[in-house]
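Here's the structure, in structure tokens; my notes come after.
Rule-based calculations on the coordinates, nothing more; no lab input. Quick caveat: nothing in here was measured; it's all calculated off a predicted structure. Here the Cβ is made from the backbone with ideal geometry for all residues, glycine too, and neighbour counts use every protein chain on show.
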Amino acid sequence: MIDDIRIAVDIKNDVRNEVEIQCSQKNRKPKRLKFLGKRDRSIRVRSIRKGTQLVFEGSFAGYLQGHNIVGTMNLTPLVEAVVLKILRRMKIKPSPDEFAKIKTGDIKLERLDVVGYKRCSSMGGPSTVVNCLDAGLVGSKEIRFVAPNETLVYHMRSSYWSLMVYNKALQMKKFYPEAWKKFDPALRLFAQKYARIELRQHRKELLQHKITKVKDATEEKIKAMFSARLEQMIDDLNVTDIHFPVVGKKPDTNEMLARLYASGIDFISRYSTGTQSRIWTDIERRFGMKKGRMNPLPPPAFKTLSEFKDVQCQHGIPKKLQDLKGLFNFDR
């Protein structure tokens, strides 16, 4: 999906900002106006070049939808929808020429954040992925930052681009707890099952790919740029045989009792006779082990970081979520 964007729109404006009262009792005009959308997600707007341009910055999907868990990959109509909506709130009516430029994406693009998702519910979830990637990148020459269980930022401090892998569900619970509770359960489940990967591209990076305006950033080109940077991080992994600690559901009590019994430790006999019978019936059905027979159980299954590399990365709005109310899918 397309997340945070910064654009400079050619449009004549006479923005008379309300003053801010400073602690020194002096007044000043704020540099930006903030426009709140659904669930108070905001877009910041400021006037530049003597009232001939407006800079818009923020999560355009978040402003329209009230969240940025999933969203469209179609940049031009997303920009058009947000810009025209805010201009109406500012009581600015574009000229025919200005309107045509907004409609066609003839707008300077200064920053573009693109999001992809990798399913990792069978690998312990997004937090486990963050921690394992951090371990796998030990020795990398690229500057990175990690907040355990939460976020890993690769190629940090670059004025060109950076790549962030993080737990979106954890972020939403932490910073938007009330909004998180009100989200559709399907959205919450998606955020919990998928690791979120976000590529932040600044003006210098966009120029290298000959992207100067919104209309230049086609979905095909955006996906290709994202894939190249993700592959660069994956290729930089020094260790790929790191085991994810959790695969699928956690082992239940009967499996743990069976594994202990196979290793020579009998906790089953401590249960009542009836409970013992039920436990042994379940163990024999699942593992083929009978009481008094110490045959080995299959080893616990593990997946490694190298297997995560092969998980397909998705973009946009998954089909199973496309009919949810409030999602702006400009591809429909």
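Tabulated results
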| quantity | calculated |
| --- | --- |
| Whole-Å distance, taken between Cα centres, linking region 170-198 and region 34-64 | 24 |
| Along each principal axis, Cα extent of region 73-215, largest first, Å | 54, 41, 22 |
| For region 255-332, convex hull of alpha carbons as volume per residue, Å³ | 198 |
| Estimated [θ] at 222 nm from DSSP helical runs (n ≥ 4, -39500 (n - 2.57)) normalised by residues in the chain, nearest 500 | -10500 deg cm²/dmol |
| Packing rank of 170-182, 96-108, where each peptide gets the mean count of other beta carbons within 10 Å, highest leading | 96-108, 170-182 |
| Most fluctuating residue given options 164, 233, 256, as computed from a GNM of the chain linking Cα atoms under 10 Å | 256 |
| The chain - convex hull of alpha carbons, volume per residue in Å³ | 202 |
| Whole-Å distance, taken between Cα centres, linking region 106-141 and region 204-239 | 14 |
| Sorted by Cβ neighbour density within 10 Å, fewest at the top, the residues 183, 302, 328 | 302, 328, 183 |
